[in-house]
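Taking it in order: structure first as structure tokens, then the write-up.
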Amino acid sequence: FRELIEILAISRNQKLPQPGEESQILELLIQRDREFQELMKLAVDQGKIHHEMQLLEKVVEKRDNDIQQLQKQLKEAEHILATAVYQAKEKLKSIEKARKG
């Protein structure tokens, strides 16, 4: 925009505008404005998408933490069950010995 305005200002100072020259410059300004508006809309849309991605990343992080916590609890339960099974086998062995004795 600044370049177009500078060109317009320079051309006005140097010579009389040619017929249609100002309308061409005005049309260029309008075209650039449309392009700028489209880019601004795209930037806003991308900003929204970026914000949604950040929210989803936080949800994923929370789910990951939940999964890690559940895995930890499962390992603890597995250890407790393994210990209980071992102790039950030992009791059965001692019962078998008592019966034979």
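The values are calculated or read from the model by the stated rules, or taken from the named source; none is laboratory data. Given the structure is predicted, the values throughout are model-derived calculations rather than measurements. Note that we place each Cβ from the backbone using ideal geometry, even for glycine, and neighbour counts take in every protein chain shown. The accessibility values were calculated without ligands, DNA or RNA, using every heavy atom of the protein model including side chains. Shrake-Rupley method; radii C 1.70, N 1.55, O 1.52, S 1.80 Å.
Quick notes
- Counting only alpha carbon atoms, the long axis of helix 2-14 and the longest principal axis of the chain meet at about 10°.
- The chain: angle of helix 21-100 to the longest principal axis, Cα-based, in degrees nearest 10: 0 degrees
- A Gaussian network model of the chain, with springs between Cα atoms under 10 Å, assigns the largest mean-square fluctuation among Gln71, Gln54, Gln87 to Gln87.
- Solvent exposure of the chain amounts to 96 Å² per residue of accessible area, where only protein heavy atoms count and the probe is 1.4 Å.
- CD proxy at 222 nm, helix term only [per DSSP H run n ≥ 4: -39500 (n - 2.57); per residue of the chain; nearest 500]: -34500 deg cm²/dmol
- Counting only heavy atoms of the protein chains and using a 1.4 Å probe, Arg34 has close to 130 Å² of accessible surface.
- Here the accessible area is traced with a 1.4 Å probe on the protein chains. For the chain, carbon and sulfur cover 60 percent of it.
- Among Ile5, Gln87, Ser23 the positive-end extreme of the charge dipole of the chain (Cβ point charges): Gln87
- Placing pseudo-labels 7 Å out from each Cα toward the beta carbon at Glu52 and Glu27 gives an inter-label distance of 3.9 nm.
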